[in-house]
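Q: This is the structure I have questions about; it appears just below.
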Amino acid sequence: MDSPRAGLPEAEDRIDGFTPEELRHLYRSVLLPRMIEEKMLLLLRQGRLSKWFSGIGQEAIATGVVTALGPRDFILPMHRNLGVFTGREVDLPRLFRQLLGREGGFTKGRDRTFHFGHLEKGIVGMISHLGAMLPVACGMALAAQLRGHGRVAAAFTGDGATSEGDFHEALNLAAVWKLPVLFLVENNHYGLSTPTHEQFACKDLADRGVGYGMPGVVVDGNDILAVHRAVLEAARRARQGEGPSLLEFKTFRMRGHEEASGTDYVPDALLEEWARKDPVARFEHFLEDRGVLDRDALATIRAEYKERIDSLVEEALSAPEPRSSVEEKMADVFAPSLLVPREPEAELQGAAPEKRYVDAISDGLRTAMRRDERIVLLGQDIAEYGGVFKVTEGFVEEFGKDRVRNTPIIESGAIGAALGLALGGYVPMVEMQFGDFITCGFNQIVNNLAKTHFRWNERIPVVLRVPVGGGVGAGPFHSQNVESWFTSVAGLKVVAPATPYDAKGLLISAFEDGNPVLYLEHKLLYRSARGPVPEGHYSLPLGRARVARVGRDATIVTYGVGVRWALNAGEAFAGDDIEIEVIDLRSLMPWDVATVV
């Protein structure tokens, strides 16, 4: 992809490297979010708005980033980056309805924040858990890298979130895979009320870059031209395959964390110092000094924006309050399933070769990958080594290292990257080496993977393969059954096959469903459970149980290895003329209420 400034006039027509027209465009870009924010603060004082996260004083960063990147590059903003949305020309009437909590926004009135994405504009918004979107940027950059599109992913974070594990996992992954990611740190000197010297001991956060094998650059975040130049250079490196960059923008948060917080904890002298560095006023002086815009022109632009913003606000506030029903909300928990179950004919099932449970999983995985080139596998030791249970043995030879990828030991980072891959058009799978380790990725699963469709209607086809359970002498941290932690998580499907036949069919279904699926594999079954497994492709319905044994006197409802125990009990009681029915749930979420009842 060409740089967004390719083909511009020669240097003699420029001022500090920019044409007058570019400078005027930059001014309009940085002024619009400032004036929208000023209007929102006025609405707060009038009692017409209840909450606002202000980015006043930091606008040069978002604006400089957007203008330096191409329109197809990915941007993952935070809650003070209004300039990303205005700079990408997101529909303003709809954006105002979102921010003012009216019908017609991006999240159906479920919040008034930037917790949403707009993939047509290349934007993926944040969740409240800081740092969580940085691994997602890695996944989106990997999608671009695999397709050779030359796109980059630029992910914002604050100074406070650089202490989060996801920050370090994402930087490490991006450096190891040479991903085209720009990590953008807005160092505004406070994490809510905690000053930076109480958060980290290094002088510059950019110094962390070299430790991960990438450039770390300190940038004046209140100078829009400096921001633009730094991002342009980092993006150039990324497009040429030179990997990620860490950019630290020094700036200041002039308002409270949110308006109710205030700024009483900030010394007056510090506020006064940074007020003199205001990025909008500073750029206006620059433009006046160089004859690009005079005072009358600046005033005209402000008047034009004020009229437009006032009109948009009144239009949004006159829109209806959001309304929804239980049925509508429940329908949004999952994306409509894409799965069309295709079970083999009964005679084919009966004549199928016998396989072990573990081999059936491997067969299902291989079958899915042959049918869909978008499937990419991530996990620890899954490539040449074949995984600790050898499920992916031989996969590198058939599918290549682009699609079968060893990750560092980063459960959260790998799951976040899978989300980014899914947003980038792939169908990723993450193998947890042991189910017990999934706790390290809990936030990414329950708050990111599972909530994305409900938040902004985007389909997330991600499969998590999770070896669970005891009985193999592996000890307490390699034997836990983790399903109860996840069956109450809205937006996550949970599957637990009991037989080799189901293990293959349900795994293929997990890839074809189009929603996040937690696929549980009981380790005791790996090499002890055997049964007929048809060759080739077949898929089974998710959310549908099967009657594993017919009985009239009692019913046992179970799943996974419990089916074996229940069937053994049924046989034992049959000698006493007691017939026990055994229902194998197969899917734990959603579960087959009708069959059980």
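The values are calculated or read from the model by the stated rules, or taken from the named source; none is laboratory data. Owing to the predicted nature of the structure, the values given are computational and were not obtained by experimental measurement. Cβ: placed from backbone, ideal geometry, glycine included. Neighbour counts: every protein chain shown. The protein model used for the area step is the full one, side chains on, heavy atoms only, and it has no ligands, DNA or RNA in it. Shrake-Rupley method; radii C 1.70, N 1.55, O 1.52, S 1.80 Å.
Q: Please go through region 449-480 and pick out each residue that is in a loop (DSSP other than H, G, I, E, B), touching a residue at least 60 places away in the same chain (Cβ under 8 Å) and closer than 22 Å to Tyr357 by Cα.
A: Residues satisfying the conditions are Gly469, Gly471.
Q: Tell me yes or no: at least one residue of region 180-192 is open to solvent by less than 20 Å² (accessible area, probe 1.4 Å) and in a helix (DSSP H, G or I). Don't jump to the end; show me each part of the working.
A: As a first pass, look at region 180-192 and keep what is open to solvent by less than 20 Å² (accessible area, probe 1.4 Å): 180-188.
Okay, now just the ones that are also in a helix (DSSP H, G or I), so none.
No, region 180-192 contains no residue that is open to solvent by less than 20 Å² (accessible area, probe 1.4 Å) and in a helix (DSSP H, G or I).
Q: Please state which one of Val489, Val472 is surrounded by fewer than 22 Cβ atoms within 10 Å (Cβ to Cβ), β-branched (Val, Ile, Thr) and closer than 30 Å to Gln349 by Cβ.
A: It is Val472.
Q: Across region 106-136, what is the number of residues that are surrounded by 23 or more Cβ atoms within 10 Å (Cβ to Cβ) and assigned to a loop (DSSP other than H, G, I, E, B)?
A: Counting residues in region 106-136 that are surrounded by 23 or more Cβ atoms within 10 Å (Cβ to Cβ) and assigned to a loop (DSSP other than H, G, I, E, B) gives 6.
Q: Sticking with this one: Considering only region 166-179, I want to know if a residue exists there that is more than 26 Å from Val404 (Cβ to Cβ), among the aliphatic types (A, V, I, L, M) and either over 16 Å from the mean Cα position of the chain (by Cα) or open to solvent by less than 10 Å² (accessible area, probe 1.4 Å) (or both).
A: Within region 166-179, the first condition is being more than 26 Å from Val404 (Cβ to Cβ), and the residues that meet it are 167.
Imposing the further condition that a residue be among the aliphatic types (A, V, I, L, M) reduces the set to none.
No, that holds for no residue.
Q: I would also like to ask the following. Do we have Val231 as assigned to a helix (DSSP H, G or I), open to solvent by less than 60 Å² (accessible area, probe 1.4 Å) and in contact (Cβ under 8 Å) with a residue 24 or more places away in the chain here? Break it down stepwise before answering.
A: Working: assigned to a helix (DSSP H, G or I): yes; open to solvent by less than 60 Å² (accessible area, probe 1.4 Å): yes; in contact (Cβ under 8 Å) with a residue 24 or more places away in the chain: yes.
Against the criterion (assigned to a helix (DSSP H, G or I), open to solvent by less than 60 Å² (accessible area, probe 1.4 Å) and in contact (Cβ under 8 Å) with a residue 24 or more places away in the chain), Val231 qualifies.
Q: Let me ask something else about it. Examine region 526-537 for a residue that is crowded, with 24+ Cβ neighbours inside 10 Å, of a type outside the set (S, T, N, Q) and in contact (Cβ under 8 Å) with a residue 24 or more places away in the chain, and state whether such a residue exists. Before the answer, list the steps.
A: First, pick out the residues of region 526-537 that are crowded, with 24+ Cβ neighbours inside 10 Å: 533.
Narrowing further to those that are of a type outside the set (S, T, N, Q): 533.
Keeping just the survivors that are in contact (Cβ under 8 Å) with a residue 24 or more places away in the chain gives 533.
Scanning region 526-537, I find at least one residue that is crowded, with 24+ Cβ neighbours inside 10 Å, of a type outside the set (S, T, N, Q) and in contact (Cβ under 8 Å) with a residue 24 or more places away in the chain, so the answer is yes.
Q: Right, Leu142: open to solvent by less than 10 Å² (accessible area, probe 1.4 Å), under 16 Å from Trp52 (Cβ atoms) and out of contact with any strand residue (DSSP E or B) (no Cβ under 6 Å at 6 or more places or on another chain) or not?
A: On the way: open to solvent by less than 10 Å² (accessible area, probe 1.4 Å): yes; under 16 Å from Trp52 (Cβ atoms): no; out of contact with any strand residue (DSSP E or B) (no Cβ under 6 Å at 6 or more places or on another chain): yes.
No, not satisfied.
Q: Checking Ala60 against (1) within 15 Å of Val227 (Cα to Cα); (2) aliphatic (A, V, I, L, M); (3) modelled with pLDDT under 95: exactly one of these is not met. Which one?
A: (3)
Q: Report yes if Gly543 is closer than 30 Å to Ala450 by Cα, open to solvent by less than 30 Å² (accessible area, probe 1.4 Å) and assigned to a loop (DSSP other than H, G, I, E, B), otherwise no.
A: Values: closer than 30 Å to Ala450 by Cα: yes; open to solvent by less than 30 Å² (accessible area, probe 1.4 Å): yes; assigned to a loop (DSSP other than H, G, I, E, B): yes.
Here the answer is yes, as Gly543 does meet what is asked.
Q: Examine region 145-154 for a residue that is surrounded by fewer than 24 Cβ atoms within 10 Å (Cβ to Cβ), touching a Phe, Trp or Tyr at 6+ places or on another chain (Cβ under 8 Å) and part of a helix (DSSP H, G or I), and state whether such a residue exists.
A: Yes.
Q: Hey, among the residues in region 426-455 that are among the aliphatic types (A, V, I, L, M) and within 22 Å of Leu365 (Cβ to Cβ), which one's surrounded by the fewest Cβ atoms within 10 Å (Cβ to Cβ)? Outline the logic, then answer.
A: First, the residues of region 426-455 that are among the aliphatic types (A, V, I, L, M): 427, 429-430, 432, 438, 445-446, 449-450.
With the extra rule that they be within 22 Å of Leu365 (Cβ to Cβ), the set shrinks to 427, 429-430, 432, 438, 445, 449.
Numbers: Val427: 21, Met429: 28, Val430: 29, Met432: 24, Ile438: 24, Ile445: 27, Leu449: 28.
Among residues in region 426-455 that are among the aliphatic types (A, V, I, L, M) and within 22 Å of Leu365 (Cβ to Cβ), the one surrounded by the fewest Cβ atoms within 10 Å (Cβ to Cβ) is Val427.
Q: Something else: Taking the conditions exactly as written (at pLDDT below 95, in contact with an Asp or Glu (Cβ under 7 Å, 6 or more places away or on another chain) and not aliphatic (A, V, I, L, M)), does Thr251 satisfy them or not?
A: no
Q: Could you look through region 546-566, keep only residues that are more than 19 Å from Pro344 (Cα to Cα) and under 35 Å from the mean Cα position of the chain (by Cα), and pick out the one that is most open to solvent (accessible area, probe 1.4 Å)?
A: Taking region 546-566 as the starting set, the residues that turn out to be more than 19 Å from Pro344 (Cα to Cα) are 549-566.
Still in the list and also under 35 Å from the mean Cα position of the chain (by Cα): 558-562.
Values: Thr558: 21, Tyr559: 77, Gly560: 8, Val561: 10, Gly562: 9 Å².
Result: Tyr559.
Q: I'm checking my understanding of the structure. Among residues of region 79-99 that are in a loop (DSSP other than H, G, I, E, B) and at pLDDT 95 or above, which one is surrounded by the fewest Cβ atoms within 10 Å (Cβ to Cβ)?
A: Glu89
Q: Consider region 386-434. How many of its residues are in contact with a strand residue (DSSP E or B) (Cβ under 7 Å, 6 or more places away or on another chain) and charged (D, E, K, R)?
A: 3
Q: Go through region 251-301 and count every residue that is surrounded by 12 or more Cβ atoms within 10 Å (Cβ to Cβ), of a type in the set (D, E, K, R) and closer than 22 Å to Trp52 by Cα.
A: The total comes to 5.
Q: Taking region 511-539 on its own, how many of its residues are over 28 Å from the mean Cα position of the chain (by Cα) and of a type in the set (A, V, I, L, M, F, W, C)?
A: Total satisfying the criteria: 4.
Q: Same structure, new question: Hey, any hits in region 414-421 for a residue that's in contact with a helix residue (DSSP H, G or I) (Cβ under 8 Å, 6 or more places away or on another chain) and over 25 Å from Asn457 (Cα atoms)? Can you show your working first?
A: Residues of region 414-421 in contact with a helix residue (DSSP H, G or I) (Cβ under 8 Å, 6 or more places away or on another chain): 414-421.
With the extra rule that they be over 25 Å from Asn457 (Cα atoms), the set shrinks to none.
Checked against the condition, which is being in contact with a helix residue (DSSP H, G or I) (Cβ under 8 Å, 6 or more places away or on another chain) and over 25 Å from Asn457 (Cα atoms), region 414-421 yields no hits at all.
Q: I would also like to ask the following. Of all strands (runs of 3 or more DSSP E) completely enclosed by region 307-425, which ones contain at least 3 residues that are surrounded by 14 or more Cβ atoms within 10 Å (Cβ to Cβ), modelled with pLDDT of 95 or more and in contact with a Lys or Arg (Cβ under 8 Å, 6 or more places away or on another chain)? Spell out how you get there, then give the answer.
A: Values: elements: 354-356, 375-379, 404-406.
Because the criterion is at least 3 residues that are surrounded by 14 or more Cβ atoms within 10 Å (Cβ to Cβ), modelled with pLDDT of 95 or more and in contact with a Lys or Arg (Cβ under 8 Å, 6 or more places away or on another chain), the strands (runs of 3 or more DSSP E) in region 307-425 that meet it are 375-379.
Q: Taking region 194-225, which residues are of a type in the set (Gly, Ala, Ser), in contact with a Gly (Cβ under 9 Å, 6 or more places away or on another chain) and surrounded by fewer than 18 Cβ atoms within 10 Å (Cβ to Cβ)?
A: Of the residues in region 194-225, the ones of a type in the set (Gly, Ala, Ser) are 201, 206, 209, 211, 213, 216, 221.
So of that shortlist, the ones also in contact with a Gly (Cβ under 9 Å, 6 or more places away or on another chain) come out as 206, 209, 213, 216, 221.
Listed by number, the list holds a single entry, Gly213.
Q: Considering every residue within region 511-524, establish whether at least one is open to solvent by less than 20 Å² (accessible area, probe 1.4 Å), assigned to a helix (DSSP H, G or I) and of a type in the set (Gly, Ala, Ser).
A: no
Q: For a quick check of your reading of the model, give me the residue pairs whose first member lies in region 52-80 and is more than 19 Å from Phe116 (Cβ to Cβ), whose second is open to solvent by less than 20 Å² (accessible area, probe 1.4 Å) and among the hydroxyl-bearing types (Ser, Thr, Tyr), with beta-carbon atoms closer than 8 Å and at least 6 apart or on different chains.
A: Final answer for the pair search is Gly57/Thr251; Gln58/Thr251; Ala60/Thr251; Ile61/Thr251.
Q: Kindly indicate the residue of region 30-48 that is part of a helix (DSSP H, G or I) and of a type outside the set (A, V, I, L, M) and also modelled with the lowest pLDDT among those meeting that condition. Spell out the reasoning first.
A: Going through region 30-48, the residues part of a helix (DSSP H, G or I) turn out to be 30-45.
Remaining after also requiring of a type outside the set (A, V, I, L, M): 33-34, 37-39, 45.
On the way: Pro33: 98, Arg34: 97, Glu37: 96, Glu38: 96, Lys39: 97, Arg45: 92.
Across region 30-48, the extreme among qualifying residues is Arg45.
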